[in-house]
């Protein structure tokens, strides 16, 4: 990301042994080890496993059927029928080949006596010709795998948005605590000097009371800021996980990057960003893939409105070599075929299922249109908010610079005996008040700036 630096002139406290935890390092750790990030990856793996399962619907199979009956000294029948079947994606056709060894006194007249072989097919001619459950499952599994990747990106997008906000809240709390801590040190030193002047007869006792009151006020402010900083550190700990899937608390020596906290983020034109939404926003892309899966379901349900007409045909030959004499008597005499026809009278089940599938598509289309519109409005809203906050920060910065200059002038006058503690304390309070406002505005601005990319779904 590109940044534009602006100067604020804040007094900052840097710990001697402190190490800066940059937002980039923090976010990389979140993406690598946070449970939600890993959970999002598991969704993709589950979808991949489901695709493998759907491909299993086209696995070749070997079947074996054998039976024998003897009774009262008679060999009623025996038969052995190993069969190899290969499902295909062409017209729902299954190709099969098998061997037969049949005999006995009471064989079914449909069974060929002796050793024979066959090569044939089974396929639908109307219902199931263009699509069937196996092919629908495979297509939907392929779509689901693509959809799961978009769901992963969506979970990551939401996770990173929350993580960024938590990090900058921590940075703001740290900077506010630093400011209060610095002013507390200044007020303590001033109280020491005022007390010394009082003991030397150069100051009235009321001055020591007023100086002490300012110290006490800053002590309360610092304590409150310290508590808020501790809370921010604990909230940041929600995102700190290591490679062993163990959570841990933030190291006390780690501090946020206060330099980047003082920066403006470069943002893309909202209209250009909105044009990219349909191709890059994972929530929208996920709904688009869901529509594709529903369209497959609609096509499958349409098949239930069609009559069922299935063909079974086998080429036959004596012995175990079905291709012997191929093209001769085999195609003229040695064959078996049959058809099966079925049609419901009222088609109520098929009509109901097909209507439900169409309504699901319509419902999802409405959801998609709403999602696109809401996403575009969120982008515009966050962009407008970030622009407004940027202007507010500029105004607050000018006020802060002005109050800081007045404080310096007032401090110089106080040192020369031309001002009072009351006026000096008033100047300090105005500086702190404006600094607090700047920090709040900056945290809001960063949230709005990252919110633009979050709404667009491009936080990676």
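Measure of size requested: the Rg and Dmax of segment 109-190, with Cα atoms as the atom set and Å as the unit; please supply both.
Cα only, segment 109-190: 35.0, 116 Å (Rg, Dmax).
Send over the per residue convex hull volume for segment 55-205, Cα only, as a whole number of Å³.
250 Å³
Which number comes out as Rg/Rh for segment 332-460 once both Rg and the Kirkwood Rh are worked out on C-alpha atoms?
The Rg/Rh ratio comes out at 1.63.
Arrange 58, 341 by Cβ neighbour counts within 10 Å, fewest through most, would you?
In increasing order of surrounding Cβ atoms, one gets 341, 58.
State, to one decimal in nm, how far the label point of residue 234 lies from the label point of residue 345, with both points 7 Å from Cα in the Cβ direction.
7.3 nm
Within 10 Å of each residue's Cβ, count the other Cβ atoms and sort 127, 154 from fewest upward.
154, 127
Ranked by Cβ crowding within 10 angstrom, fewest neighbours first, how are 208, 213 ordered?
Fewest-to-most ranking of 208, 213: 213, 208.
Over the chain, what relative contact order in percent results from Cα pairs under 8 Å that are six or more residues apart?
It rounds to 22 percent for the chain.
At 222 nm, what helix-only mean residue ellipticity would the chain give, in deg cm²/dmol to the nearest 500, using -39500 (n - 2.57) for each DSSP H run of four or more?
When only DSSP H runs of four or more count, the value is -21500 deg cm²/dmol.
Taking one equal scatterer on every alpha-carbon of segment 217-360, how large is log10 of I(q)/I(0) by Debye at q = 0.11, 0.19, 0.21 1/Å?
Summing over Cα pairs of segment 217-360 leads to -0.86, -1.14, -1.22.
If you work out Rg and Dmax of the Cα atoms in Å from the coordinates, which of (1) 39.2, 137; (2) 23.4, 71; (3) 21.3, 67 do you get?
Of the labelled values, this structure produces (1).
Any idea what the relative contact order of segment 79-211 is, in percent, if you count C-alpha pairs under 8 Å spaced at least 6 apart?
15 percent
After finding the eigenvalues of the alpha carbon gyration tensor for segment 270-321, what semi-axes result from the square roots of 5 times each, listed largest first in whole Å?
One finds semi-axes of 50, 17, 7 Å for segment 270-321.
Just to verify a number: FRET efficiency for residue 374 and residue 437, C-beta to C-beta distance, R0 = 45 Å, to 0.05?
That pair, residue 374 with residue 437, gives E of 0.90.
Could you check the spin-label model distance between residue 188 and residue 113? Points 7 Å from the Cα along Cα→Cβ, value in nm.
Calculated label separation equals 11.4 nm.
Determine the gain in length on full extension of the stretch residue 206-residue 423; use 0.36 nm per residue of separation and subtract their C-alpha separation, reporting nm with one decimal.
In short, 76.7 nm is gained.
Pairs of alpha-carbon atoms within less than 8 angstrom and 6+ residues apart define the contacts here; what relative contact order does segment 156-301 have, in percent?
26 percent
Taking Rh as the Kirkwood radius computed over C-alpha pairs, what is the Stokes-Einstein D of segment 232-312 at 10 °C in a medium of viscosity 1.306 mPa s, expressed in µm² per second?
Answer, rounded: 83 µm²/s.
At a Förster radius of 25 Å, what calculated FRET efficiency corresponds to the Cβ-Cβ distance of residue 85 and residue 49, to the nearest 0.05?
0.50
How much length is gained on full extension from residue 313 to residue 28, taking 0.36 nm per residue of separation minus their Cα-Cα distance?
That works out to 96.5 nm of additional length.
Read-outs throughout are calculated quantities, based only on the coordinates presented, and are distinct from any laboratory measurement. As the structure is a computational prediction, the values presented were derived from the model and not from experiment. Glycine gets a Cβ as well: all are built from the backbone with ideal geometry, and neighbour counts include every protein chain shown.
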